[in-house]
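Just so it is clear, none of the values below were taken in a lab; they were calculated from the coordinates. Predicted model, so just to flag it, every value in this text is computed and none were measured. For neighbour counting, all protein chains shown are included, and Cβ atoms are generated from backbone atoms with ideal geometry for every residue, glycine included.
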């Protein structure tokens, strides 16, 4: 159990508080709320945008999605390190927010989308959908008219609902026609550039805004975990509202409206951060302002070079997202091993005694998050597609768009985060608070458990039936409670365990491994991919059976890892030397 005997550090305490916390926390709360509004508003639509607007395959879309969400976090180690050494967190967050505004507004330029052309007996027909977000029916269009189409069991034939309307037979064997996809290269490249801008923006903002939160509290301040949980509630308040508003706008009225609203949200966040920076009380300034003015190349000084590095991140990220299918898991593993080795080297070469052990404990938590996020981040990719195709989304007489269910996680966070924050403080006062390593083990176990519950729901509905919607509520609730055991607690642990001179770098490593987890999530999601025509599945039964197989495997693996983590938790707690 955790013994919390710390008091509020006099050097970091301030008379200017709100609800007992430094008032700077609430500016960071609002800034991050709007940043997450923009990020999750776009995220909920992205997988459907790729599969239904640009007509990428589910496998390719999942790999692109995984590479994008991985790079979003991987680049934070660069943004965190530049802030530690040169820029300071305030300048880094401001620059990141500007890039994010540009990226999110760029997503609103959608063009006309790709076209899927079917060739049969020398004639060509277009296959399209009559709705977005997994709710559309496949329509085949000819000069004579249009008709609904479906596919036979096993997808051996295309069945035409009204063959006379399009001048086709009622059934056509899939071997008797060919398909090709025509894309608008300009808008595909705008998509890649916009994603790259968002990647770079998050790289400069994400780790550093969390670092500022940590700087508001002194070592041993018992408000720290509570403060991070409040901050985390702000994150999810933005995610909750965005998933609903951007999801409904994007699916009901058009992609550009959902993406455009996400951009407006990020603009609000930037304006709030610029207006109230004084509330941070100098906690996020450059470590050496004079050094920023030193020349590096010609008339380019260090500060300008830090911003030019962001341009380089944009170019590299755009190339990597464009060629995500070429990135092999082995390359990602090598990066993970290299960063792990560097963190161990840093702990041994630059830290001593208790500080070294705390740093090694921080490295453990950075690694321990991987299985959780690899499963949790199915939410935006495979689980989002599953909800669109295999779930009965009828509620209160309405067919709820699939991206709206992305709001469940954030909604549960908003409701349960304050309760969890109060629970940790109440248990700490009674010396009953589970240690951080135990919380992590429980969180990973719940990630696996959530998928096992969903698999049970899928089996109850049969091979072709729709899964009851309450199983989607259940998996998001279970994952949310697990997330509250991992994410805010982990963010807090890293800021407590890392030496003050390396907090930004270590926080960057936390988000880098979050990114590697997201790439792994993309690989897992791609394994659930199935053949589509016009953005919709052709063989529902086979696709559902594949979901059951993949989700069962990852669920059992996660729960087994959690048991091992629980067994070694006393050792990790001892390494923390009272910083729990």
>> Can you tell me how region 286-343 classifies by the Cα gyration tensor, rounded, prolate or oblate, using a/c under 1.5 as the rounded cut?
In response: oblate
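Using alpha carbon coordinates only, what is the Rg to Rh ratio of region 346-389, with Rh defined as the Kirkwood radius?
Radius of gyration relative to Kirkwood radius: 1.38.
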> What is region 115-182 by shape, rounded, prolate or oblate, if you read a ≥ b ≥ c off the alpha carbon gyration tensor as root eigenvalues and call it rounded for a/c under 1.5, prolate for a/b larger than b/c, and oblate otherwise?
Replying inline: rounded
>> Just to verify a number: FRET efficiency for residue 181 and residue 355, C-beta to C-beta distance, R0 = 60 Å, to 0.05?
In response: 0.60
>> Between 0 and 90 degrees, rounded to the nearest ten: what's the tilt of helix 470-497 against the longest Cα principal axis of the chain?
In response: 30
>> Just want to confirm a number: the relative contact order over region 115-182, from Cα pairs under 8 angstrom separated by 6+ residues, in percent.
In response: 30
> Using a Förster distance of 22 Å, how high is the FRET efficiency between residue 109 and residue 315, based on the Cβ-Cβ distance and rounded to 0.05?
Replying inline: 0.70
> What angle, in degrees between 0 and 90 and rounded to the nearest 10, separates the Cα long axis of helix 407-429 from the longest principal axis of the Cα atoms of the chain?
Replying inline: 20
>> Run the simple label-point estimate for residue 144 and residue 367 please: 7 Å along Cα→C-beta, distance reported in nm.
In response: 6.6
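Which of rounded, prolate or oblate describes region 249-353 when judged by the alpha-carbon gyration tensor and an a/c cut-off of 1.5?
Because a/c hits 1.5 or more and a/b fails to exceed b/c, region 249-353 counts as oblate.
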>> Only counting other Cβ atoms within 10 Å, I'd like 36, 393, 85 sorted with the fewest neighbours first.
In response: 85, 393, 36
> Taking other Cβ within 10 Å of each residue's Cβ, how do 577, 53 sort, fewest first?
Replying inline: 577, 53
>> Based only on other Cβ atoms within 10 Å, what is the fewest-to-most ordering of 16, 459?
In response: 16, 459
> Mind checking the angle between helix 58-74 and the chain's longest principal axis? C-alpha axes, 0 to 90 degrees, to the nearest 10.
Replying inline: 10
